[in-house]
1. Given charges of +1 on the Cβ of Lys and Arg and -1 on the Cβ of Asp and Glu, with all other atoms neutral, how large is the dipole of segment 116-248 about its Cα centre, in debye to the nearest 20?
2. Compute, for the chain, the length of the dipole vector about the Cα centre, with Cβ point charges of +1 (Lys, Arg) and -1 (Asp, Glu) only. Units Debye, rounded to 20.
3. Between residue 19 and residue 183, with labels modelled 7 Å along Cα→Cβ, what's the label distance in nm to one decimal, could you check?
4. Could you tell me what percent of the DSSP beta bridges with both partners in the chain are antiparallel, to the nearest 5?
5. Which loop GluC sites (Glu not before Pro) in segment 99-155, with loop taken from DSSP, have no more than 14 other Cβ atoms within 10 angstrom of their Cβ?
6. As an exercise, identify the trypsin sites (Lys or Arg not before Pro) in segment 1-105 lying in DSSP coil whose Cβ has no more than 11 other Cβ atoms within 10 Å.
7. Taking Cα pairs under 8 Å and at least six residues apart, what relative contact order does the chain come out at, in percent?
8. What are the ³J(HN,Hα) values, in whole Hz, obtained from phi via the Karplus relation 6.51 cos²θ - 1.76 cosθ + 1.60 with θ = phi - 60°, for each residue of segment 101-115 in sequence order, with x given for Gly and Pro?
Amino acid sequence: ENSETLLEVNNIEVIYNHVILVLKGVSLSVPKGGITALLGGNGAGKTTTLKAISNLLASERGAVTKGSITYRGERVADLNPAALVKKGVIQVMEGRHCFEHLTVEENLLTGAYTRSDGAAAVKKDLEMVYDYFPRLRERRRSQAGYTSGGEQQMVAMGRALMSRPETILLDEPSMGLAPQLVEQIFEIVKAVNEGEGVTFLLAEQNTNVALRFAHYGYILESGRVVMDGPAAALRENPDVKEFYLGMS
Ligand code: ATP
C-alpha cells in the first residue's frame, strides 16, 4: 500500500425501519487521490452505503447498526452533513437536486456557504468550476430548473466543488443521461481528480463506464461486497464480463 486511506467503511450493517436489513456487512476503503467505484444493480445497496457515510439515513428511518466508518481515522458516524463538509467530505445526491429557482451561478455559490476564506477565493473557485464545466459558464445566468438533465448534474457537481472538498461522494452520475453525456461527465470527474486531486467514491450502475474511469471497484449484490479489485482487473474478470459488462 503506497497511498493514504481517507475513508474506511468497516463491516457496516444498515437496517431500515428497524427490520429491513439492507447492508449485511459492507467494508471498503477509499485511498486519497483515487477514484473508487461502488458498483451493482438496482437495489444492491450503493445509495445506502453513501448515505451511511454521510449520515443521511435517519431521515429515511435507516440506521447503521453494526460496524464503523472512519475518515482519516476518525469516526464520522455522529457528524451531520455540514460537519462532514467541514472535514472535506461532500455528497452529490442521486437525481441532482438543484435549487430550481436560482440561476446556475447562484446554485454554485450556495456550495461555498461553509467557507470563510472570503469573496475573492470564492470567485476564483467559481472560475475553476467554469473551467471544468464550460457549459455552466455559458448557462450561468439561466434558471437551473430550465437547464437540461446533464447540465443539472454538472451544477450539482460544480456546487460540491465550491466547498473545496477533499472527497466527493457521487451518487449515480449517469442516471437518466444519454451515453455521450455520461462519457462527458466521467471525463470531468477524471479531470477534477487529476487537476484538483479530489478523491472520489462514486456509486454507479453503469459498470462499463465506471470501470473505464475508476481506479478500483467494489461490486455490491444484495447488501454485500461480492468482488473487489483494481478496475483493470475487474474489466477482465469473466464473471464481471458476463454479469455486468454484457459481453460474455
Ligand atoms: P439504486 O440504483 O436504485 O439507488 P442502490 O444500489 O443504490 O440502488 P439502495 O437505494 O441503497 O440501492 O437500496 C438498497 C435496498 O434498500 C433496496 O432493496 C431498497 O428497496 C431498500 N431501501 C432503500 N431505501 C429504503 C427505505 N427508506 N426504507 C426501506 N427500504 C429501503
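Where a number appears in this text, it was derived from the coordinates with a stated rule and is not lab data. Note that this is a predicted model, so its numbers are computed, not measured. A quick note on method: Cβ atoms are made from the backbone with ideal geometry, for glycine too, and the neighbour counts reach across all protein chains shown.
1. Roughly 500 debye for segment 116-248.
2. Dipole about the Cα centre, nearest 20: 420 debye.
3. The two pseudo-label positions are separated by 4.8 nm.
4. 60
5. On the way: sites: 100, 105, 106, 127, 138, 151; in loops: 100.
In loop regions of segment 99-155 (DSSP not H, G, I, E or B), the sparsely surrounded GluC sites (Glu not before Pro) are 100.
6. 61
7. Values: 474 pairs, mean separation 65.1, N = 248.
Relative contact order of the chain: 26 percent.
8. 8, 8, 6, 4, 5, 4, 4, 4, 5, 4, x, 9, 5, 8, 8
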